[in-house]
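The values are calculated or read from the model by the stated rules, or taken from the named source; none is laboratory data. Computed from a predicted model, the values in this text were never measured in an experiment. Virtual Cβ from ideal backbone geometry, glycine too; neighbours counted across all protein chains shown. Side chains are part of the model used for accessible areas, which takes the heavy atoms of the whole protein and leaves out ligands, DNA and RNA. Shrake-Rupley method; radii C 1.70, N 1.55, O 1.52, S 1.80 Å.
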Amino acid sequence: MSVVSQVILQADDELRYPSAGELQTINSFFKTGTQRVRIAVTLSESERKIVDEASKKLWKKRPDYISPGGNAFGQRERALCLRDYGWYLRLITYGILAGDKGPIENIGLIGVREMYNSLGVPVPGMVDAIRCLKEAAIALLNDEDAKEAAPYFDYIAQAMS
């Protein structure tokens, strides 16, 4: 949920107008709008490049994942991993656009650990994958945009840990 939605819903729940502090929070949110859109555009337009780079880093770091018996061994299994990497990157763009980690939590993290455990996917491997996605994505952003985007990747990695 965006900052604007949160302020409006909270004020409405309490039958009041937004406070001066809440309005300042909304003003700050609007001031960073161009940056958040710029980051989301870069990430979405570079999805394939980011996912490819992240997977190369992960497979180099953990070749056992793509070796016989590994969770990403075989074309189908590897394609499923890459699909998930793209999905998490998309979730991150949702959070960045909203200026809030709520969309990430609500759409993508509830039950994620249980799901991967039930599928026999090593959760530490997914954490490593998110860190590799972060490295690949951050490399495409300027320092200011990287600083804004990094916490969203960290949030997912921490939630999976």
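Return yes when residue 57 is over 19 Å from residue 152 (Cα atoms), open to solvent by 70 Å² or more (accessible area, probe 1.4 Å) and either more than 22 Å from the chain's Cα centre (by Cα) or among the basic types (Lys, Arg) (or both) and no when it is not.
no
Of 132, 81, which residue is over 23 Å from residue 4 (Cα atoms), in a helix (DSSP H, G or I) and touching a Lys or Arg at 6+ places or on another chain (Cβ under 6 Å)?
Just a single option satisfies the conditions, and that option is 132.
Do you know which residues across segment 17-42 are among the basic types (Lys, Arg) and open to solvent by less than 70 Å² (accessible area, probe 1.4 Å)?
36
Taking residue 89, is it among the hydrophobic types (A, V, I, L, M, F, W, C), buried (at least 18 other Cβ atoms within 10 Å of the Cβ) and in contact (Cβ under 8 Å) with a residue 24 or more places away in the chain?
Yes: the conditions hold for residue 89.
If a residue must be open to solvent by less than 90 Å² (accessible area, probe 1.4 Å), out of contact with any Asp or Glu (no Cβ under 8 Å at 6 or more places or on another chain) and part of a helix (DSSP H, G or I), how many such residues does segment 1-16 contain?
Qualifying residue count, segment 1-16: 3.
Identify all residues within segment 39-66 that are in a helix (DSSP H, G or I), hydroxyl-bearing (Ser, Thr, Tyr) and under 22 Å from residue 143 (Cα atoms); write none if there are none.
42, 44, listed by residue number.
Among the residues that make up segment 43-54, is at least one of them under 14 Å from residue 96 (Cα atoms) and open to solvent by less than 80 Å² (accessible area, probe 1.4 Å)?
There is at least one residue in segment 43-54 that is under 14 Å from residue 96 (Cα atoms) and open to solvent by less than 80 Å² (accessible area, probe 1.4 Å).
Has segment 127-145 got at least one residue that is of a type in the set (S, T, N, Q), open to solvent by 40 Å² or more (accessible area, probe 1.4 Å) and in contact with a helix residue (DSSP H, G or I) (Cβ under 6 Å, 6 or more places away or on another chain)?
Checking segment 127-145: not a single residue is of a type in the set (S, T, N, Q), open to solvent by 40 Å² or more (accessible area, probe 1.4 Å) and in contact with a helix residue (DSSP H, G or I) (Cβ under 6 Å, 6 or more places away or on another chain).
Inside segment 1-45, can you point out the residues that are among the charged types (D, E, K, R) and touching a residue at least 24 places away in the same chain (Cβ under 8 Å)?
Answer for segment 1-45, where residues must be among the charged types (D, E, K, R) and touching a residue at least 24 places away in the same chain (Cβ under 8 Å): 36, 38.
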